[in-house]
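S.K.: Let me give you the structure first, and then I'll get to my questions.
Only the coordinates and a few stated rules stand behind these numbers; no lab work does. Bear in mind the structure is a predicted one, so any value in this text is a computation, not a measurement. Quick reminder, even Gly has a Cβ in these numbers, built from the backbone with ideal geometry, and neighbours come from all protein chains shown.
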Amino acid sequence: MKKKYGLLLIAFVLLLSLGMAGCGKSSSGGTEGGGNSGGGTLVFARGGDSESLDPAVTTEGESFKVTENIYETLINFGEQDTEIEPGLAESWKESDDGLKHTLKLKKGVKFHDGTDFNAEAVVFNFERWKAGNKERFYYYNSQFGDVMKEVKAVDEHTVEFTLNRVLAPFYKNLAMSPFAIASPEAIKKHGDKFAENPTGTGPFKFKEWKRNDKVTIVKNENYWKKGLPKLDSVIFRVIPENSARLNALNTGEVDLIDGVNFSDVDSIKKNDKLQAFFRPSLNVAYLGLNNERGPLKDKKVRQALNYAVDKKALIDAFYAGAAEAAVNPMPETVAGYNDAVKDYEYDPEKAKQLLKEAGYEKGFEIELWAMPVARPYMPDGKKVAEAIQSNFEKVGVKSKIVSFEWPTYLEKARKGEADTFLLGWTGDNGDADNFLYVLLDEDSIGSNNYTYYKNPKVHELFTKAQSTNDQSEREKLYKEAQEIIKDDAPWIPLVHSKPALAGKAEIKGFKPHPTGSDLLSNVEMKK
Amino acid sequence: MLAYSVRRVFSLVPVLLGLSLVVFFMIRAIPGDPAQVILGQLATKEAIAELSKDLGLDEPWYIQYFQYLGGLVTGDLGESLRTKTAISAEIWPYLAATIELSFFAMLIAILVGVNAGIVSAWFQNSWFDYTAMILALVGVSVPIFWLGLMEQWVFSYNLEWLPTSGRDDVRNPVEAFTHLYVIDTLLQGRFDQFVDVLKHLVLPAIALATIPMAIIARITRSTMLEVMRSDFIRTARAKGMSMFWVVYKHSLKNAVIPVLTVIGLQTGLLLGGAILTETIFSWPGIGRYIYEAIGYRDYPVIQSGILIVALIFVLINLVVDLLYAAIDPRIKYR
């Protein structure tokens, strides 16, 4: 009798303490932004932290996502495309031989530290990138390195660029986030610590950076575009796990999230407190076929495997329909895209027949490498690999799925150790060269041409296209190259995905940019 | 006692040396070139070779190791390849975040675990005993990943009691001073933020506490059962002493050594950085710091991070060893 009583008492105490642990419903739930003066605060949650807040020294998208709002470039991309528009340069002129570019700069623009933006500042930035070591200013060296002869301040508001040879995507390159103009005074003042004290001319000023946690930027009251930005501040928060990030949006702790699982898109669309956004596609996901390994050396085998994959099923199963089947190695929005190229339609019979012609009637065995990480173009490498595995099985090709931890995966694939491998690419500047040459030229073997694809004719076309400024001529060359590539079939191009984002319903004016660097000056929160 | 402590501290040196060597080689055994990873997919061969040289990665391994060791002796933990900041300068905020979380997790684990174990032993084979032990079994086997997301779904999304992630409300951020936010908010007299920080702690601390809580409960129960069968307990009861005192004073004191050992080991493990918990609850702790460094092949951070975590682990167990003597007068160190 006594024993029972004691037991009940203890159980009661335990329950009570559990209850206390969870008390305090009234005051939590996150203080809602908005409300107070002006535009309020936007909390933008993403999967990873920035590497650096000096855009010149990084190649990483999570860094550009922030710096895009602190700094500005001479040329801008369009709101949701990669067409060129005036930025810090109002107008520009190109010499007849295409070697001299003269840019007129905007007057009356000031850096966040109060110093003037002018031609000297532009020259200073270019000199800094040029003088620095190659790997530090990686993008400068890869895009302008040996091409840039001289950058000269003609007068206070005119800059003249002289090139060694014609550089077709010159203006598109200038619009890339890494070529944003930073305050020379701030660079001199902070030296090595400039990345932690970013100073530009952009709509937001840097306030605070807690590594692996959050970056806070606040409104630039003296921004030269009147009435912008609309928000008072933006906080970029790191929430690594996709589902946890969505949970935080659901509870209102954050306002906007990227890296939404495609499988969650449906529930977001049905929730009237939330809205889904889709980033216009500037990417491609593909299954690379190593052109120098085993049966894959044979063009017929590569074509057969192209016929074997059911892209539509992949899109429905893993991309919630937010993707287009890829025909060429670059998305349709890139100038020079060849829409006359016909895809290898899903046709297992045709695949079998081609394999028979190539002497592999009984099939063969290969390795199929699955990406270990999720990327906007590849939400779940393992599952996509399994789907392709069963596609291959149907035509008699047995594949073993292999995966490594990410840096290992890339290194091994680069060395040509993979038979077939999943991979993808997100464009930097929306130029065809940035897809085709980078991924499929013989010069890129050992860097981004993981398939070891070589075709002298294609190489010739690419080289020609690089050395002319005539856009229609370039487009013709790229179109021809795409036809040859389609026939050679070094890849199975899979999809161009539209990466999904989600935000609170009251967010207005958010336009995700295809490059992944979103300008937030037009965003506001309206009830 | 003093001599013993000194000897124990010195015995740490070979342990840490061996550990630094193991870590150093393990990292270099995995493929993946840091220069390549840093420069990204676009990098050219020349740029990679140049960066490798700059980072000293083209030196033979023994030179790299001794350079590293030399740095350690002078308190230099190296510089992060990724952020280009001294590790000794950037590691503390991460470590503080993990210490704070682990402290509260262990507090929950010990309070609940020890009591559940005691009561289960006291009322052996009762419904409480069965329920507690089944829960403990579930506790050691439930995937933390799932548990964390469920906690968020129930307590944050549906009940709206607690925030899902992070250490503080980003719209009302804590001014970091010691980086232990519970202390920082109290020092600044910001009681509202103090409550907010505690609320942020609840869910990750419970998730992190689950496994040690279950292990502690099971160990406590089994040692208590053993002690409670001994003669001196029967004598105490025969003398008419109340059961509560018999259990909580006489029995517990005699059962505490194994329990303490487990607590020490578990605390060490938690401080090792609970990567999963830190990931789900976006807790900027040491586990994620090291984990992300692995993705970037940030050798110095991986090496120094693991070394510091190991050092803490060893120190905690040293403290536990010394506590034995303080608690149990039968134990003497010579």
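S.K.: Taking R0 as 35 Å, what FRET efficiency do you get between A:SER95 and A:ASN133 from their Cβ-Cβ distance, rounded to the nearest 0.05?
M.R.: Using R0 = 35 Å, I get an efficiency of 0.65.
S.K.: Also: Taking neighbour counts of Cβ atoms within 10 Å as a proxy for exposure, in what order, fewest first, do A:ASP255, A:ASP419 appear?
M.R.: A:ASP419, A:ASP255
S.K.: Using the basic label-point model (7 angstrom from Cα toward the beta carbon), what is the A:PHE278 to B:ILE257 distance in nanometres?
M.R.: 6.8
S.K.: With axes computed from alpha carbons, what is the tilt in degrees of helix B:87-122 against the longest principal axis of chain B, rounded to the nearest 10 within 0 to 90?
M.R.: 20
S.K.: Let me ask something else. For labels at A:GLN389 and A:VAL154 in the simple 7 Å Cα→Cβ model, what's the distance in nm?
M.R.: 6.2
S.K.: Further question on the same structure: Please give every one of the lysines within straight-line cross-link reach of A:LYS188, meaning a C-alpha to C-alpha distance under 19 Å, and leave out same-chain neighbours fewer than 8 residues apart.
M.R.: Leaving aside lysines fewer than 8 places away in the same chain, those within reach of A:LYS188 are A:LYS110, A:LYS130, A:LYS205, B:LYS84.
S.K.: Let's test the formula: R0 of 60 Å, r as the Cβ-Cβ distance of A:LYS527 and B:VAL6. What FRET efficiency results, to the nearest 0.05?
M.R.: With R0 = 60 Å, the Cβ-Cβ based efficiency is 0.35.
S.K.: If the chain between A:GLU208 and A:GLU85 were fully stretched, how many nm would it gain, using 0.36 nm times the residue separation less the Cα-Cα distance?
M.R.: Here the answer is 41.2 nm.
S.K.: For chain B, with the dipole built from +1 on Lys and Arg beta-carbon atoms and -1 on Asp and Glu ones, taken about the Cα centre, which of B:ILE316, B:ILE233, B:ILE280 lies farthest toward the positive end?
M.R.: It is B:ILE233.
S.K.: Let me ask something else. Using the Cα centre of the stretch A:168-304 as origin and beta-carbon charges of +1 (Lys, Arg) and -1 (Asp, Glu), tell me which of A:PHE277, A:ASN247, A:VAL218 is placed farthest towards the positive end of the dipole.
M.R.: A:PHE277
S.K.: Still on this structure, I have one more. Using the structure shown, select from A:LYS394/A:LYS476; A:LYS207/A:LYS511; A:LYS172/A:LYS526 the pairs with a Cα to Cα distance greater than 27 angstrom.
M.R.: Too far apart for the 27 Å limit: A:LYS394/A:LYS476; A:LYS172/A:LYS526.
S.K.: Then there's this: Give me the dipole magnitude in Debye, nearest 20, for the stretch B:1-130 about the Cα centre, with unit charges on the beta carbon: positive for Lys and Arg, negative for Asp and Glu.
M.R.: It works out to roughly 360 debye.
S.K.: So what's the stretch B:137-276 giving for Rg/Rh, alpha carbon basis, Kirkwood Rh from the mean inverse pair distance?
M.R.: Dividing the radius of gyration by the Kirkwood radius yields 1.12.
S.K.: Now a separate question. Rounded to the nearest 0.05, what FRET efficiency is calculated for B:LYS53 and A:LYS454 with R0 set to 30 Å and r the Cβ-Cβ distance?
M.R.: With a Förster radius of 30 Å, E is 0.50.
S.K.: Let me ask you something else. For chain A, what is the relative contact order in percent, using Cα pairs closer than 8 Å and at least 6 residues apart in sequence?
M.R.: 20
S.K.: Right, next: Could you size up the charge dipole of chain A around its Cα centre, putting +1 on the beta carbon of Lys and Arg and -1 on that of Asp and Glu, and report it in debye to the nearest 20?
M.R.: Roughly 1940 debye for chain A.
S.K.: Once both labels are modelled 7 Å past Cα along the beta-carbon direction, what's the A:LYS356-A:ASP146 spacing in nm?
M.R.: About 5.1 nm separates the two model spin labels.
S.K.: Which Cα, out of A:ALA153, A:LEU167, A:ASN141, lies furthest along the positive dipole direction of the stretch A:127-170 (beta carbon charges, K/R +1, D/E -1)?
M.R.: Checked the options; the winner is A:ASN141.
S.K.: Taking 2.2 N^0.38 Å as the expected size of a compact globular protein, what ratio does the Cα radius of gyration of the stretch A:389-508 give against it, to two decimals?
M.R.: 1.30
S.K.: May I ask you to compute the full-extension gain from A:ASN469 to A:ARG165, defined as 0.36 nm times their residue separation minus their alpha-carbon distance, rounded to one decimal in nm?
M.R.: Gain on stretching A:ASN469 to A:ARG165: 108.4 nm.
S.K.: Sorting check: for B:103-110, A:95-102, A:513-520, which peptide has the highest mean count of neighbouring beta carbons within 10 Å, and how do the rest follow?
M.R.: With the highest mean Cβ count within 10 Å placed first, the list reads A:513-520, B:103-110, A:95-102.
S.K.: Need the C-alpha centroid separation for the stretch B:105-147 versus the stretch B:81-104, integer Å.
M.R.: Cα centroid to Cα centroid, the span is 32 Å.
S.K.: Once you have the Cα-Cα distance between B:ASN158 and B:LYS249, take 0.36 nm times their residue separation minus that, and quote the gain in nm to one decimal.
M.R.: 28.6 nm
S.K.: Here is a follow-up. Just rank A:VAL260, A:VAL373, fewest to most, by other beta-carbon atoms within 10 angstrom.
M.R.: In order of increasing Cβ crowding within 10 Å: A:VAL373, A:VAL260.
S.K.: OK, next. Determine, for each peptide in A:346-352, A:263-269, the mean count of other beta carbons within 10 angstrom over its residues, then list the peptides with the highest first.
M.R.: Result, highest mean first: A:346-352, A:263-269.
S.K.: Using helices alone, I'd like the mean residue ellipticity at 222 nm for chain A: each DSSP H run of four-plus residues gives -39500 (n - 2.57), total over residue count, nearest 500.
M.R.: My calculation for chain A gives -9500 deg cm²/dmol from helical runs alone.
S.K.: Which value results when the Cα radius of gyration for the protein assembly as shown is divided by 2.2 N^0.38 Å?
M.R.: For the protein assembly as shown, the normalised Cα radius of gyration comes out at 1.07.
S.K.: Hey, another quick one. log₁₀ I(q)/I(0) of chain B at q = 0.14 Å⁻¹, via Debye over equal Cα point scatterers, no solvent, to two decimals?
M.R.: -1.22
S.K.: Next up: Can you put A:LEU163, B:LEU271 in order of Cβ neighbours within 10 angstrom, beginning with the fewest?
M.R.: With the fewest neighbours first, A:LEU163, B:LEU271 line up as A:LEU163, B:LEU271.
S.K.: Just how large is the dipole of the stretch A:53-161 about the Cα centre, in debye to the nearest 20, putting +1 at every Lys and Arg Cβ and -1 at every Asp and Glu Cβ?
M.R.: 320
S.K.: If one takes the longest principal axis of the Cα atoms in chain B, at what angle in degrees, from 0 to 90 and to the nearest 10, does the Cα axis of helix B:127-141 lie?
M.R.: So the helix axis and the longest Cα principal axis differ by about 10 degrees.
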